[in-house]
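The values are calculated or read from the model by the stated rules, or taken from the named source; none is laboratory data. Please read these numbers as outputs of a predicted model, since none were measured by experiment. Counting neighbours? That spans all protein chains shown, and the Cβs are built from the backbone with ideal geometry, glycine included.
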Amino acid sequence: MTDLESAIRPAARADILLGEGIERQAVKTLNAGALANGWLIVGGEGIGKATFAYRLARALLWSERPPGCDSLDLPQSSRAFSLVASGGHPDLFTAARIYDEKKERYATEITVDTIRELTHFLSHTASMGGWRVAIIDTADDLNRSSANALLKALEEPPPRTAIFVLSAAPGRLLATIRSRCRRIELRPLADNAIADFLAREGAATGEDAIRIARAAGGRPGFALSLALGDGAEAVNTVEAFWTSACAGGDISTVAQRLAGKTGDGIWPHFHAMLVSRMADEARREALTGGEFAGRFADLREEVDLLFTRGEAVNVDRAQLVLAAGRAFSRVYAAV
């Protein structure tokens, strides 16, 4: 695990930035004993879904939680916090894409075998006598078989079980999965709130923090990963690509910047920010009644799929960027 991954790892984070009222409502539900078995936590990449899910998980697994407690906080010195942070809590199961040590990359999907392990986990009594908690990070990575297996787990959950299903694209999930979960939506936050958050984290201050906050699109987790990694360079690279590609210009310099080992730290941020910016473009066009909203939405889908599939089979990133540039040129030439 890299230093960046350690710094932003949701399971170990005590600080979180949420929209007004979200945690208050969660605390109220928890104190009332009305916690649903299935929860669907939705929001953009890096908005805090996993951090919030682990925060809820810790509160449920903290056996010393006082009745009527008015927050989800618990002491970082507590056993529940340290066990969740280390990934060693016996009553917490996380379903995620598996990392292949030989190939040095994550699998492209959450397999049905992983969800079967989850079902097996839920079939046993809680080791520490309380809740059993599962986190699906994220349901967008499920294939058809694993999604159907998760649906069965949601249909017949044992008592004192909470399953937190995370998704950045809930509309693509099985309708039956959505219907069996209580939904919490995390919305983008103001740039100044994110800039303050970055300053508290010691990640960025002043104009740097504001610039990164703007590029992050209201997502504090993404802003933190930008600030602690190669975010500044990624912001510049997205801007250079956007300016040239929309005008049908030469993007070969940008493509080479992202190729090979030199682009490893920039690429994930470049991918995420470019897709986010295209989505914003489509939304703005739709809100103003523009006739090209559908084309912009299709472009976002095409480029995101191009990058995701290309990464999965190790296509040269320079070639992916050049292909994305051609897609941009086709759309913007017609606008």
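Can you tell me which condition residue 249 does not meet? The list is (1) closer than 26 Å to residue 58 by Cβ; (2) surrounded by fewer than 22 Cβ atoms within 10 Å (Cβ to Cβ); (3) not assigned by TED's automatic domain parsing to the domain that holds residue 109, and all the others hold.
Here residue 249 meets the rest and fails (1).
Only one of 80, 26 is under 22 Å from the mean Cα position of the chain (by Cα) and hydrophobic (A, V, I, L, M, F, W, C). Can you tell me which?
The unique qualifying residue is 26.
With a cut-off of at least 2 residues that are surrounded by fewer than 21 Cβ atoms within 10 Å (Cβ to Cβ) and basic (Lys, Arg), name the helices (runs of 4 or more DSSP H) lying wholly within region 139-206.
Numbers: elements: 144-155, 175-179, 191-200.
In region 139-206, the matching helices (runs of 4 or more DSSP H) lie at 144-155.
Of the numbered conditions (1) closer than 30 Å to residue 211 by Cβ; (2) surrounded by 15 or more Cβ atoms within 10 Å (Cβ to Cβ), residue 114 fails exactly one; give the number of that condition.
Result: residue 114 passes all but (1).
Mind checking which residues of region 147-175 are polar (S, T, N, Q) and within 11 Å of residue 42 (Cβ to Cβ)?
Narrowing region 147-175 to residues polar (S, T, N, Q): 148, 161, 167.
Hit for region 147-175 is 167, nothing else.
Considering 294, 221, 310, 231, which residue is surrounded by fewer than 17 Cβ atoms within 10 Å (Cβ to Cβ) and either closer than 19 Å to residue 188 by Cα or more than 18 Å from the chain's Cα centre (by Cα) (or both)? Break it down stepwise before answering.
Working: 221 fails: surrounded by fewer than 17 Cβ atoms within 10 Å (Cβ to Cβ); 310 fails: surrounded by fewer than 17 Cβ atoms within 10 Å (Cβ to Cβ); 231 fails: surrounded by fewer than 17 Cβ atoms within 10 Å (Cβ to Cβ).
None of the others qualify; the one that does is 294.
Which ranges mark the helices (runs of 4 or more DSSP H) fully within region 13-106 that have 2 or more residues being surrounded by 16 or more Cβ atoms within 10 Å (Cβ to Cβ), modelled with pLDDT of 90 or more and of a type in the set (Lys, Arg)? I'd like the intermediate steps shown before the answer.
Details: elements: 22-31, 49-61, 79-86.
Fully inside region 13-106 and qualifying: 49-61.
From the set of residues in region 174-216 that are hydrophobic (A, V, I, L, M, F, W, C) and in contact with a strand residue (DSSP E or B) (Cβ under 6 Å, 6 or more places away or on another chain), which is farthest from residue 232 (Cα to Cα)? Give the derivation first.
Step one: filter region 174-216 for residues hydrophobic (A, V, I, L, M, F, W, C), giving 174-175, 177, 181, 184, 186, 189-190, 193-195, 197-199, 203-204, 209-210, 212-213, 215-216.
Those left that are additionally in contact with a strand residue (DSSP E or B) (Cβ under 6 Å, 6 or more places away or on another chain): 181, 184.
Details: 181: 38, 184: 31 Å.
Ranking the candidates gives 181 first.
Name every residue in region 110-127 that is assigned to a loop (DSSP other than H, G, I, E, B) and either among the hydroxyl-bearing types (Ser, Thr, Tyr) or touching a Ser or Thr at 6+ places or on another chain (Cβ under 7 Å) (or both), in order of residue number.
First pass over region 110-127, keeping only residues assigned to a loop (DSSP other than H, G, I, E, B): 111, 123-127.
Scanning region 110-127 gives 111, 123, 125, 127.
Identify the residue in region 252-291 that is among the acidic types (Asp, Glu) and outside any helix (DSSP H, G or I) and, among all such residues, is surrounded by the fewest Cβ atoms within 10 Å (Cβ to Cβ).
Of region 252-291, the ones among the acidic types (Asp, Glu) are 264, 280-281, 285, 291.
Still in the running and outside any helix (DSSP H, G or I): 264, 291.
Numbers: 264: 11, 291: 8.
Among those residues, the one meeting the criterion is 291.
Residues checked against (1) acidic (Asp, Glu); (2) outside any helix (DSSP H, G or I); (3) in contact with a Leu (Cβ under 8 Å, 6 or more places away or on another chain); (4) modelled with pLDDT of 90 or more:
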residue: 298; (1), (2), (3), (4): yes, no, no, yes
residue: 301; (1), (2), (3), (4): yes, no, no, yes
residue: 310; (1), (2), (3), (4): no, no, yes, yes
residue: 322; (1), (2), (3), (4): no, no, no, yes
